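The values are calculated or read from the model by the stated rules, or taken from the named source; none is laboratory data. Small disclaimer: the values here were computed from a predicted structure and weren't measured. Using ideal geometry, Cβ is built from the backbone for each residue, glycine included, and neighbour counts are taken over all protein chains shown.
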Ligand code: P6P
């Protein structure tokens, strides 16, 4: 092929997933169809996020009916966008959304709909008005018996699977550019939205997280509420006794998607420990901790609650929370050393 044309040979997300499906001999490309619906939901949400400031000023003609502050409307719009596009692909029987109290059972007659999905349609939405990066997070699970799901109780039971059962997970980050980072269990791959094509194109294949970084990411404002293990660990990286090691830098954006994206690319450790207001942690398992842990582990990192591997947890409720420590393998192992040293229990 003409070298000048090679640059046009972009690997789009759809092509990447389809290739992956063929390579893994998945039946019928259902996961491809589902992930194509998710990426469309991310593209629509991206448009709304980028217009929100102007829309708030002039009103979002043609996109929703914003009567109140942009944050609440954007969250509602993002949630509706995800629900509509995912339902339309007819490959999902169950949805769990950060913005919905209960699990949603989709068309009860779709025996072919063999997947369940959990998503946070607009993570970090409180940062919208300050133009700080926000994102969407999703995790896809295979269902053993999709045809038999009729009630919310059956749907809830079916999606409460161990985190390691995830079939695919990823996030979109609406930042200086729009990224979509995804894994189907065969490596972690980053795509960037090319506005001229309207397609996510592969920009960083096979992402690997550094074994050790020099950044820690946590809300230090809660430090007086941390458990002893977390306190000892953070002090060890802020004030290293080993003169050969420099103190770590603190970076904290307050949007999990953005903090994890930086951790994937630069290494280090992201933490949301338990605190007085969040005795079991703040972050949700199904659509924050699980998908991010799946990505971090597939990129060669580790993800723990301090007491157990996050992906080993079997959740009991759809909005269950957990403490979160994830990132570079050696950094997380150093942290776990303090949990073993103190022997403190959850
Ligand atoms: P805090 C955003 O509200 C969120 O759920 C995550 O995206 C983020 O990591 C965390 O909460 C930030 O919480 O208490 O530090 O503002």
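Observations on the model:
- Residues that are touching a residue at least 40 places away in the same chain (Cβ under 8 Å) and farther than 23 Å from residue 297 by Cβ within region 155-175 comprise 155, 156, 158, 174, 175, listed in sequence order.
- Residues of region 322-337 that turn out to be in contact with a helix residue (DSSP H, G or I) (Cβ under 7 Å, 6 or more places away or on another chain) and closer than 21 Å to residue 257 by Cα, as a count: 5
- Here residue 138 clears all of (1) over 21 Å from residue 290 (Cβ atoms); (2) within 16 Å of the chain's Cα centre (by Cα); (3) within 16 Å of the ligand (Cβ to nearest atom) except the condition numbered (1).
- Residues considered: 197, 207. Of these, the only one that is in contact (Cβ under 8 Å) with a residue 60 or more places away in the chain, assigned to a loop (DSSP other than H, G, I, E, B) and more than 25 Å from residue 253 (Cβ to Cβ) is 197.
- Among the residues of region 221-242, those identified as touching a strand residue (DSSP E or B) at 6+ places or on another chain (Cβ under 6 Å) and within 14 Å of residue 279 (Cα to Cα) are 222, 225.
- Note on region 294-336: residues that are within 16 Å of the ligand (Cβ to nearest atom), assigned to a loop (DSSP other than H, G, I, E, B) and surrounded by 24 or more Cβ atoms within 10 Å (Cβ to Cβ) amount to 2.
- Meets criteria (surrounded by fewer than 15 Cβ atoms within 10 Å (Cβ to Cβ) and at pLDDT 95 or above) for residue 208: yes
- Top-ranked residue of region 274-293 - restricted to ones that are within 11 Å of the ligand (Cβ to nearest atom) and over 16 Å from residue 135 (Cβ atoms), ranked as surrounded by the most Cβ atoms within 10 Å (Cβ to Cβ): 281
- Exactly one residue among 101, 46 is over 22 Å from residue 17 (Cβ atoms), out of contact with any helix residue (DSSP H, G or I) (no Cβ under 9 Å at 6 or more places or on another chain) and at pLDDT 95 or above, and that residue is 101.
- Residue 127, sole failed condition from (1) within 15 Å of the ligand (Cβ to nearest atom); (2) surrounded by fewer than 23 Cβ atoms within 10 Å (Cβ to Cβ); (3) farther than 30 Å from residue 300 by Cβ: (3)
- Pair list, Cβ under 9 Å, 6 or more apart: region 255-267 residue on the phi > 0 side of the Ramachandran plot and modelled with pLDDT of 95 or more, other residue near the ligand (Cβ under 8 Å from one of its atoms) and outside any helix (DSSP H, G or I): none
- Check on residue 152, in contact with a helix residue (DSSP H, G or I) (Cβ under 8 Å, 6 or more places away or on another chain) and either touching a residue at least 40 places away in the same chain (Cβ under 8 Å) or away from the ligand (no atom under 16 Å from the Cβ) (or both): no
- The condition of being at pLDDT 95 or above and assigned to a helix (DSSP H, G or I) holds for only one of 164, 136, that being 164.
- Matching residues in region 242-269 - criterion: being more than 16 Å from the ligand (Cβ to nearest atom) and either under 19 Å from residue 282 (Cβ atoms) or not in a helix (DSSP H, G or I) (or both): 242, 243, 244, 245, 246, 247, 248, 249, 267
- Some residue of region 222-241 being within 16 Å of the ligand (Cβ to nearest atom), in contact with a helix residue (DSSP H, G or I) (Cβ under 9 Å, 6 or more places away or on another chain) and part of a strand (DSSP E or B): no
- Scanning region 152-178 for residues that are surrounded by fewer than 23 Cβ atoms within 10 Å (Cβ to Cβ) and under 14 Å from the mean Cα position of the chain (by Cα) turns up just one, 167.
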